[in-house]
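Asks: Pasting in a structure now, in structure tokens, and then I'll have a few things to ask.
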Amino acid sequence: MSPGGLVKAVLEEMEAVSETDVQFWMAKAVNWGEATSCSAVLDTSRHLISLRSFLQQVLQGLQQMSSTSEAMKTFPFVGQFLGRLCWNPCVIADERSQRLLLRCLSCLYSAEPLNAVERKANMWIKNMLCHLVSDEEGSVAHATVKHAGLTPKRYHSEALQKVVALMTEEVIKSCDRLPNTSARCSNGSIHTMSAACVALATCPQMSPLIGALLKHSMLCGSSCLNPEFIKEVSEAFISKRLVLEDEVVVNLWCYSPTCLEGAAVSLLESVLSDCETMAQSLDKHVIDSLLPRASAHHCHIFLTINEIYRNVLTEIDENLAVRALIQVFTACFLQSLNGQEPQDRLPLRAFFPHVMPSLLTPLLTAPSEVPREAWLDHLSWIRSLLQSVTENEEAGEDVRAYQAVFEAWFLLVQCGYWVDTAAELLVLAEPENAEPLLWLLTFFHHPTNRGHQRSQQTAVAREAWTHLRMLFLTRPPPPRHLSTVKELLSSSLSTNLVLHLFSNFAVFSHGPVSIITEITDK
């Protein structure tokens, strides 16, 4: 087959590099120049995705060529076209476009040049490659920007930064022009700019513009941003390919429920995937996620996250890692909420709309805010309130009664520090004070009363507590109590409850370490 026939066959097999496409993209490359104006940046960014597609077609064609001479004859536009794109900071900033440029240039390079044209082409290609991937002193790129005292990479980065700064300033000014927070965006420039950011969402220089656009959307109060922009920014942020300021992240969550849900699920998955490591630094991990702080300032964010974790808990209610996450998240949220000025703080009822109001104050008050000598009375108060809710459930089959029990139980999970406090007090509690604490612990681990199991589980908790008390507080530990505790721990219905008691006795009984270690090993 002749060279011309080969090229024809290649172009027929792939999406053809048509003459119309060549003319269109050459005109674009010429018009864009070095993209140092806002309009050039916007137009380049808007066309980046389709430009990648065209570069891919060119690459496929070049890969079929047997020599540089054949490539230049078949694609006479390619040298000028690639050369212009190599000087466009928007194209270079896009990693995928830059990678395609590098591959196209590599295809044009002759390992063994056969004539002067190929040797000259090689010198030019070397300079372009140096320009794209290094700061080599001898490159043409370096010589071109040497008067500015910059390396090529820094030159293009700063050129893009300056243009982005102008666009950001324009967005900020449009924010200032909004008369109030309920004003509506009246022109399409914001939508156009957000569309231009889609292909460059992961580029560090674009962060200020992305932040300004999201802030504008919050003040404007309308959906004036390009949906693809929101999708790209959300995916880039969740995958940690994009770094944003905290305020910008919160604006993104306010604008995009999908991104907020992704952040909540990502936190959950990280906890479930590495429970042991996460247990060591769960508080820090939750705080770093920014979700508690955002929830304290935006009620709908808290309600969305709450709903996600409620749904997960109904599916895997015995998972202790999920319960721990919910407890820590709620504690961090309350800390952020209490840190606000009273006049800026929403009432607790707004964040917990489905819970019986009388439960909010006793449960959402942290143990550190209650004198230690009052803990027992406080827990007895919580128990009496929760018990009144469960009595309504036991009285009939009313769906609302079951819902009320679930809401009360979920709040207890959120405020699990009171359950931990009850388990701690049980270690040294007198028998006459143990009953409300055991009931609370049982309700925490077994909220439903299917088949009237709550009484049965309370009896198991009481039995476990009695044996653990003898085991950890009697010297020497009686062997028969050890065997009973082992049996209770092996019960599929009560394992977590007994383990909860056991771990607190091991920590708070203050017995000799050697004896506690021996009991734990056995």
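The values are calculated or read from the model by the stated rules, or taken from the named source; none is laboratory data. In this text, all values refer to a predicted model and were calculated from it rather than measured experimentally. Using ideal geometry, Cβ is built from the backbone for each residue, glycine included, and neighbour counts are taken over all protein chains shown. The accessibility values were calculated without ligands, DNA or RNA, using every heavy atom of the protein model including side chains. Shrake-Rupley method; radii C 1.70, N 1.55, O 1.52, S 1.80 Å.
Asks: Looking at (1) in contact with a His (Cβ under 6 Å, 6 or more places away or on another chain); (2) under 30 Å from ALA321 (Cβ atoms), find the lone condition where LEU268 falls short.
Replies: Checking LEU268 against (1) in contact with a His (Cβ under 6 Å, 6 or more places away or on another chain); (2) under 30 Å from ALA321 (Cβ atoms), the one that fails is (1).
Asks: Here is a follow-up. Pairs please, first residue from the range 401-422 and at negative phi, second anywhere and basic (Lys, Arg), Cβ atoms under 8 Å, 6+ apart in sequence or on different chains.
Replies: Between residues of the range 401-422 that are at negative phi and residues that are basic (Lys, Arg), the close pairs are PHE410/ARG310; VAL413/ARG323; GLY416/ARG323.
Asks: Considering only residues that are at pLDDT 95 or above, of a type in the set (Phe, Trp, Tyr) and open to solvent by 40 Å² or more (accessible area, probe 1.4 Å), which ones fall in the range 374-412?
Replies: Selection gives TRP381 alone.
Asks: Just to be sure before I move on: is LEU337 open to solvent by less than 20 Å² (accessible area, probe 1.4 Å), under 22 Å from the mean Cα position of the chain (by Cα) and more than 18 Å from SER266 (Cα to Cα) in the structure I sent?
Replies: The answer is yes for LEU337.
Asks: What is the one condition in (1) among the hydrophobic types (A, V, I, L, M, F, W, C); (2) part of a helix (DSSP H, G or I); (3) farther than 16 Å from VAL498 by Cα that ALA422 does not satisfy?
Replies: Failed condition: (3).
Asks: I'd like to verify a number: residues in the range 40-63 that are among the β-branched types (Val, Ile, Thr) and exposed (fewer than 15 other Cβ atoms within 10 Å of the Cβ), how many?
Replies: Adding up the residues that qualify gives 1.
Asks: Please enumerate the residues belonging to the range 213-234 that are open to solvent by 10 Å² or more (accessible area, probe 1.4 Å), closer than 22 Å to LEU291 by Cα and hydrophobic (A, V, I, L, M, F, W, C).
Replies: Of everything in the range 213-234, those that are open to solvent by 10 Å² or more (accessible area, probe 1.4 Å), closer than 22 Å to LEU291 by Cα and hydrophobic (A, V, I, L, M, F, W, C) turn out to be MET218, LEU219, ILE230.
Asks: On the basis of being under 20 Å from PRO113 (Cβ atoms) and surrounded by fewer than 14 Cβ atoms within 10 Å (Cβ to Cβ), does SER66 make the cut?
Replies: yes
Asks: Restricting to the range 26-39, what's the tally of residues that are without any contact (Cβ under 8 Å) to a residue 24 or more places away in the chain and either open to solvent by less than 30 Å² (accessible area, probe 1.4 Å) or among the β-branched types (Val, Ile, Thr) (or both)?
Replies: Number of matching residues: 0.
Asks: Okay, next question. Of the numbered conditions (1) surrounded by 15 or more Cβ atoms within 10 Å (Cβ to Cβ); (2) among the basic types (Lys, Arg); (3) over 23 Å from ASN319 (Cα atoms), ARG475 satisfies every one except a single condition; which is it?
Replies: (1)
Asks: Let me ask another. I need the full set of residues from the range 496-516 which are within 14 Å of LEU468 (Cα to Cα) and polar (S, T, N, Q), in order please.
Replies: Residues satisfying the conditions are SER503, ASN504, SER509.
Asks: For the structure I just gave you, tell me whether LEU346 is assigned to a helix (DSSP H, G or I) and either in contact with an Asp or Glu (Cβ under 6 Å, 6 or more places away or on another chain) or among the aliphatic types (A, V, I, L, M) (or both).
Replies: no
Asks: How many residues, within the range 470-522, are more than 17 Å from HIS446 (Cα to Cα) and over 38 Å from the mean Cα position of the chain (by Cα)?
Replies: Qualifying residue count, the range 470-522: 32.
Asks: Restricting to the range 279-302, what's the tally of residues that are outside any helix (DSSP H, G or I) and hydrophobic (A, V, I, L, M, F, W, C)?
Replies: 1
Asks: Could I ask something else about it? Pairs under 9 Å by beta carbon, first residue farther than 17 Å from LEU364 by Cβ and open to solvent by 20 Å² or more (accessible area, probe 1.4 Å) in the range 303-332, partner of a type in the set (Gly, Ala, Ser) and not in a helix (DSSP H, G or I), six or more apart or different chains?
Replies: What qualifies is ALA324/GLY416.
Asks: Which of the residues spanning the range 235-278 are part of a helix (DSSP H, G or I), surrounded by fewer than 19 Cβ atoms within 10 Å (Cβ to Cβ) and of a type in the set (Val, Ile, Thr)?
Replies: ILE238, THR258, VAL265, THR277
Asks: Determine whether the range 359-371 contains at least one residue that is more than 30 Å from ALA294 (Cβ to Cβ), open to solvent by 20 Å² or more (accessible area, probe 1.4 Å) and modelled with pLDDT of 95 or more.
Replies: Scanning the range 359-371, I find at least one residue that is more than 30 Å from ALA294 (Cβ to Cβ), open to solvent by 20 Å² or more (accessible area, probe 1.4 Å) and modelled with pLDDT of 95 or more, so the answer is yes.
Asks: Looking for whichever is over 17 Å from GLN205 (Cβ atoms) and at pLDDT 90 or above here; the options are GLN64, GLN57. Which one fits?
Replies: Exactly one residue qualifies, and that residue is GLN57.
Asks: Quick check on GLN23: is it surrounded by fewer than 21 Cβ atoms within 10 Å (Cβ to Cβ), in contact (Cβ under 8 Å) with a residue 40 or more places away in the chain and over 23 Å from GLN161 (Cα atoms)?
Replies: The answer is no for GLN23.
Asks: Still on this structure: Only one of (1) surrounded by fewer than 22 Cβ atoms within 10 Å (Cβ to Cβ); (2) of a type outside the set (Phe, Trp, Tyr); (3) in contact (Cβ under 8 Å) with a residue 40 or more places away in the chain is not met by ALA296, so which one is it?
Replies: Tallying (1) surrounded by fewer than 22 Cβ atoms within 10 Å (Cβ to Cβ); (2) of a type outside the set (Phe, Trp, Tyr); (3) in contact (Cβ under 8 Å) with a residue 40 or more places away in the chain, ALA296 fails exactly one: (1).
Asks: Also, quick follow-up: Taking only the range 91-124 into account, find how many residues are loosely packed, with under 15 Cβ neighbours inside 10 Å, farther than 30 Å from LEU242 by Cβ and at pLDDT 80 or above.
Replies: Of the residues in the range 91-124, 7 are loosely packed, with under 15 Cβ neighbours inside 10 Å, farther than 30 Å from LEU242 by Cβ and at pLDDT 80 or above.
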